[in-house]
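Down below is the structure, laid out as structure tokens.
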Amino acid sequence: MCQDRVIKLLIFGFIVGLVLPECHASPHPASSISKERPGDDYEYDDEDEPSREARPENDINGGGPSRTQLLTKNHTVEAELDATVTLPCRIQNPEPNTIIMWYNMSSLLFMRNNSFTQDPRVSLEQDNAVRIQNVLASDDSIYKCTVLPIKKSVFITLKVKGPPYNIRITHGNKNYANQELELQERDRKFILHCEASGYPTPAVTWSFRGKHLTEDYAKHSGITVRKEFLEIHDVKGHHSGDFECSAQNVIGTISAVVAVQIKSSPMIVKHVEYINTAIGENTEVVCLYRSYPEARKIQWYRGDELLHNSAKFTIVNDRHNHHERTRLSIHDVEQKDLVDYVCKVENALGESSAKSILGLLPGGAHLVHSNFSDGLLHTMWRVRSAQPLSDLQILYKRTEGPKYITIEPTLSEQNKEEPGDVWSIRRSLNLPPGEWLITARARNTEGWSYAETVPFMFQIPSEVSLESQRGTGAGATARSSLAMGFSLLLVSLLCRLF
């Protein structure tokens, strides 16, 4: 009985829901409807559109009003490459003095039956339409059919589907696609603009020195990317390199490169401050640099001693990836060779230098992998040492802490990678919840490394946050059960009412 009453109540509510909107509706719904003209791809004046009511137009012979009308409306036509396309221009009631003129942009193609184009692919049909055979990408344009003397025109936009083409990278008003562009370091602002033709409209992306300019990479490089625009607000020597623009649509991709050269003093972009070696070994010290204008002098020093090619030392200047490189090889390392080495690069605008220390202690410990699981922080470090390693010390502190504290590893494992002098060390740590800075240093048979590496930041989760993550599924189940119980209670109340 109760179920019958509930069903009756639901049917009554459904009928009320249907009737109420009709009661509030306007008694003259048609009066609120207005017919809008579909939007056209080309803006035009009202006088270019045929009127729906014939207006008197005197012909040139002084006769009565003209009955000639241009029926074709502004529209867009899409065509594939190598296809044949027809652009219509429908005329109603043409008269002897009616003149049909076709334009491609501002270039006259046809006037009556007279052709003004030299392209054999383009012809005028009997019904005043223009026919284009073997469509090319360059046919993508706006065509106009004008009817005289009624002075009516229709614009037809031809969109040719195909891969992007005619890519341009401009700085100022000049196209530098696949060319070199020279700037001064004192230039405060530098803007590149990339565009390409094609339909569908291609999307533009930027790369710098062979790497896609993501938000992080662009920010790190001092570059701002805004779609097809690339901006540098403070030009520096490190902005020298290849800037590549890629334009892509669903059909294909095209790209172009501008090689930017920043005139500045040399810049050492990479070197190793400390290099581990062993007595009797051969060791190489490397400096990567950029220089434009070209470096006119490259020198190596051992302490204050200027070095030259000899049986003891070999100097090689070459190129590595996107940078110039100078290399110093030290043969049969002796105790007296364990000193400072300086590379110095000079050009017409200045000089730059960098120092590397040669020693027997281990190199810096570099974190290559980390993850948190089972209440432990698992880390893997790499250390370069020609001598066997005896220990890796983990140091940690709170982000606002005064000094580092040494912690003993919960689990430990170390292996030497073959070939070479690189060691892989795994450490698992049990740290309290919170935000920590963690670093490490290694010890070999000669002693501890000089200093810790740059610290890494870790967030150790609390037990509460872990439990809340595990409880997400249970919470959803509880909410579902609560909703079902509420529904049953509602049905029970309805039964009592009816």
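Restricting to segment 222-237, name every residue that is surrounded by 18 or more Cβ atoms within 10 Å (Cβ to Cβ) and not hydrophobic (A, V, I, L, M, F, W, C). Let's see the steps before the verdict.
Of all residues in segment 222-237, those surrounded by 18 or more Cβ atoms within 10 Å (Cβ to Cβ) come to 223, 225, 228, 230, 232, 235, 237.
The answer is Glu228, Gly237.
Can we say Ser240 is modelled with pLDDT under 90, among the polar types (S, T, N, Q), in contact with an Asp or Glu (Cβ under 9 Å, 6 or more places away or on another chain) and open to solvent by less than 80 Å² (accessible area, probe 1.4 Å)? Steps first, please.
Numbers: modelled with pLDDT under 90: yes; among the polar types (S, T, N, Q): yes; in contact with an Asp or Glu (Cβ under 9 Å, 6 or more places away or on another chain): no; open to solvent by less than 80 Å² (accessible area, probe 1.4 Å): yes.
When the stated conditions are applied, Ser240 does not pass them.
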Before we move on, is Ser390 closer than 30 Å to Gln184 by Cβ and in a strand (DSSP E or B)?
no
If you go through segment 245-262, how many residues are open to solvent by 60 Å² or more (accessible area, probe 1.4 Å) and not hydroxyl-bearing (Ser, Thr, Tyr)?
3
Give the residue that is surrounded by the most Cβ atoms within 10 Å (Cβ to Cβ), with candidates limited to residues of segment 286-321 that are over 13 Å from Ser265 (Cα atoms) and under 33 Å from the mean Cα position of the chain (by Cα).
Cys287
When only residues in segment 366-386 that are modelled with pLDDT of 90 or more and part of a loop (DSSP other than H, G, I, E, B) count, which is most open to solvent (accessible area, probe 1.4 Å)?
Ala386
Which residues, taken from segment 231-250, are under 13 Å from Ser264 (Cβ atoms) and touching a Pro at 6+ places or on another chain (Cβ under 7 Å)?
none
Mind checking which pairs have a first residue in segment 421-433 that is farther than 30 Å from Leu360 by Cβ and a second that is among the hydrophobic types (A, V, I, L, M, F, W, C), Cβ under 7 Å, 6 or more apart or different chains?
Asn430/Leu376; Leu431/Leu377; Leu431/Ile460; Pro432/Ile460; Pro433/Ile460
Sole exception among (1) assigned to a strand (DSSP E or B); (2) out of contact with any strand residue (DSSP E or B) (no Cβ under 8 Å at 6 or more places or on another chain); (3) not hydrophobic (A, V, I, L, M, F, W, C) for Pro266, by number:
(2)
Those residues of segment 394-422 which are within 22 Å of Ala278 (Cα to Cα), modelled with pLDDT of 85 or more and in a strand (DSSP E or B), in sequence order
Val422
Among residues of segment 75-99, those that are open to solvent by 80 Å² or more (accessible area, probe 1.4 Å) and at positive phi, counted
1
Among the residues listed as Thr205, Thr146, the single one being among the hydroxyl-bearing types (Ser, Thr, Tyr), farther than 17 Å from Gly252 by Cβ and free of Cβ contacts under 8 Å to residues at least 60 places away in the same chain
Thr146
Test Ile425 against the criterion of being at pLDDT below 95 and open to solvent by 40 Å² or more (accessible area, probe 1.4 Å), and give yes or no.
no
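Could you run through segment 342-356 and say how many residues are in a strand (DSSP E or B) and open to solvent by 60 Å² or more (accessible area, probe 1.4 Å)? Step through it out loud before you land on a result.
Step one: of segment 342-356, the residues in a strand (DSSP E or B) are 342-347, 350-356.
Filter once more, keeping what is open to solvent by 60 Å² or more (accessible area, probe 1.4 Å): 351, 353, 355.
Of the residues in that region, 3 qualify.
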If Asn282 satisfies every condition in (1) open to solvent by 40 Å² or more (accessible area, probe 1.4 Å); (2) of a type in the set (S, T, N, Q); (3) touching a Pro at 6+ places or on another chain (Cβ under 7 Å) but one, which is the exception?
(3)
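The values are calculated or read from the model by the stated rules, or taken from the named source; none is laboratory data. Predicted model, so just to flag it, every value in this text is computed and none were measured. When we count neighbours, we look across all protein chains shown, and the Cβ atoms used for this are built from the backbone with ideal geometry, even at glycine. Please note that ligands, DNA and RNA were not included when accessible areas were found on the heavy atoms of the full protein model with its side chains. Shrake-Rupley method; radii C 1.70, N 1.55, O 1.52, S 1.80 Å.
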